[in-house]
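Reviewing the structure listed below.
Nothing in this text is a laboratory measurement; each read-out follows from the coordinates by a stated rule. In this text, all values refer to a predicted model and were calculated from it rather than measured experimentally. Don't worry about glycine lacking a Cβ; one is built from the backbone with ideal geometry, like all the others, and counts go over all protein chains shown.
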Amino acid sequence: MRKNVKRKINATRILMAILSLMILIIVFLTGYIYLNNNLAEDKIIINPENAKYTIGYGKYSNEIIDGGYEKNVEDGITVFKTKNGYLKIDGTLFTDEEKALIIQKFINNTINDYKTFDDLGNSETFQNEVKDFNKYFSDIGFAEENIILNHPNSENLPLFINIPYYQSSKFMEFFFSGKNLAVELIEIPQIVPKPTFEINPDALMVALTFDDGPSSKNTLEIVEKLKEYNAHATFFVLGSNVKGREDIINSILDSGNEIGGHSWDHPNLVKVIDSELEKQLYWVKDAVKEASNNGYEIKLFRPPYGAVNQHVKNMSPYPLINWDIDTLDWKNKNTEKIIANVKDNLKDGSIILMHDIHEVSKTAALELIPMLIDEGYQLVTVSELFEAKGIPLEKGNVYFSAR
Ligand code: ZN
């Protein structure tokens with residue numbers, strides 16, 4: 001009986017202890033989150049959870065710093081170009097003395113606590129070095145996830161220590177205490193993304209072209225394959241196929257491919273009257289422009305059946321792009337034959353004709369893309385092909401290859 005009472009009391013005590021602990025944890029967490037949020041708001045306009053901006057400080061001005069960020073220092077106003085816009089910071093940030101203090105404080109409080117920096121930062125030699133900040137650091141920066149210290153005078157230039165924001169509240173508090181920094185984001189019209197696709201004009205290249213789409217069955221798979229191999233192609237679409245396939249149009253464009261016009265609904269342009277010819281030339285342009293997120297303007301046109309006469313050439317506002325390698329995919333319906341056709345006729349500067357409306361063409365394309373790259377060919381758009389070869393594309397002219 002007594003034992004039972006004791007057990008009951010013990011159980012109650014344990015329950016109370018657990019409850020108190022939970023309340024403590026909640027209070028602590030709330031305080032922690034509150035303080036951290038306030039720190040982020042008061043000291044610097046960066047949300048550590050979702051930082052999109054880079055700010056920094058350094059003796060180098062007007063240069064591209066790590067990760068392609070660009071900064072300029074003018075009249076005590078520091079402007080940092082980031083992926084999403086410019087950050088402007090009024091006033092000079094820190095004196096050399098302050099920098100030395102920051103580093104010392106930083107090393108004492110943060111590095112010893114967390115040991116989160118890279119291999120270099122872990123070495124004793126380096127820790128001795130960084131105590132003498134003025135000699136060794138020129139930059140303190142904030143990147144998307146880390147505080148970065150730049151060490152430009154070492155033989156292994158440049159060195160960085162990265163400390164995740166969430167582990168750096170002490171550092172940030174010191175960094176910005178009493179500074180009254182005015183930080184604002186200045187909207188800029190457009191940041192052009194860094195091109196990752198580079199063409200070697202001296203190496204082999206061909207242009208894969210896909211006609212009659214976009215196809216909701218096949219086009220996206222081809223686009224994915226191209227993306228996987230960092231390759232481009234040109235899709236000559238029919239205007240009448242665009243509506244309802246806007247997402248496909250944008251997927252094609254998003255990974256650097258080109259879209260050309262292939263008429264509105266595929267008549268033989270040599271055989272139509274002028275009003276119809278105009279519709280076929282212009283409606284496809286309007287359809288693509290409307291479907292694309294960025295008002296894309298087609299610059300190239302492939303006449304249906306490759307059929308042109310002098311009148312069509314005169315009427316065309318575009319260069320007319322035919323081909324020198326016909327895979328005859330629509331006729332062969334056979335993957336091996338399509339691939340053999342390409343292999344047998346392949347030359348530098350070729351334009352290869354395929355149709356993404358046929359499943360067999362898609363299957364062949366999925367094999368051709370890695371195969372051509374394996375054979376040393378760069379896969380480029382028609383525009384890229386002619387630009388790399390230095391051949392101007394002029395409206396009304398017909399082109400079969402870039403040779
Ligand atoms: Zn066609």
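For a quick check: with amide H placed at 1.01 Å from N, whose amide H comes under 5 Å from Ile259's, ignoring anything fewer than 5 positions away on the same chain?
When sequence neighbours closer than 5 places are left aside, the close amide H contacts are Phe235.
Does region 259-368 come out rounded, prolate or oblate, given a ≥ b ≥ c as the square roots of the eigenvalues of its C-alpha gyration tensor, rounded meaning a/c under 1.5 and, failing that, prolate meaning a/b above b/c?
Taking the square roots of the gyration eigenvalues as a ≥ b ≥ c, region 259-368 is prolate.
Using 1/(1 + (r/R0)^6) with R0 = 25 angstrom and r between the beta carbons of Asn294 and Arg403, what's the FRET efficiency to the nearest 0.05?
After rounding to 0.05, the efficiency reads 0.20.
When a/c reaches 1.5 or more, the comparison of a/b and b/c decides; with that in mind, is region 308-403 rounded, prolate or oblate per its Cα gyration tensor?
oblate
Can you give the local net charge around Ile369? Use residues other than it whose beta-carbon is closer than 15 angstrom to its beta-carbon, Lys and Arg +1, Asp and Glu -1.
-4
Suppose we look only past 13 Å in the calculated P(r) of region 209-255. What percent of the Cα-Cα pairs does that tail hold?
Tail fraction, whole percent: 50.
Net charge within 14 Å of Ser383 by Cβ-Cβ distance, Lys/Arg positive one each and Asp/Glu negative one each, not counting Ser383 itself?
The answer is -1.
What number comes out for the charge environment of Pro201, summing +1 per Lys or Arg and -1 per Asp or Glu over other residues with Cβ under 15 Å away?
Net local charge, Pro201 excluded: -3.
Lys/Arg Cβ at +1, Asp/Glu Cβ at -1, dipole of region 271-323 taken about the Cα centre: which of Ala291, Leu281, Tyr305 is farthest positive-ward?
Among Ala291, Leu281, Tyr305, the one farthest towards the positive end of the dipole of region 271-323 is Tyr305.
Quick one: Cα centre-to-centre distance for region 197-252 and region 333-403, in angstrom?
12 Å
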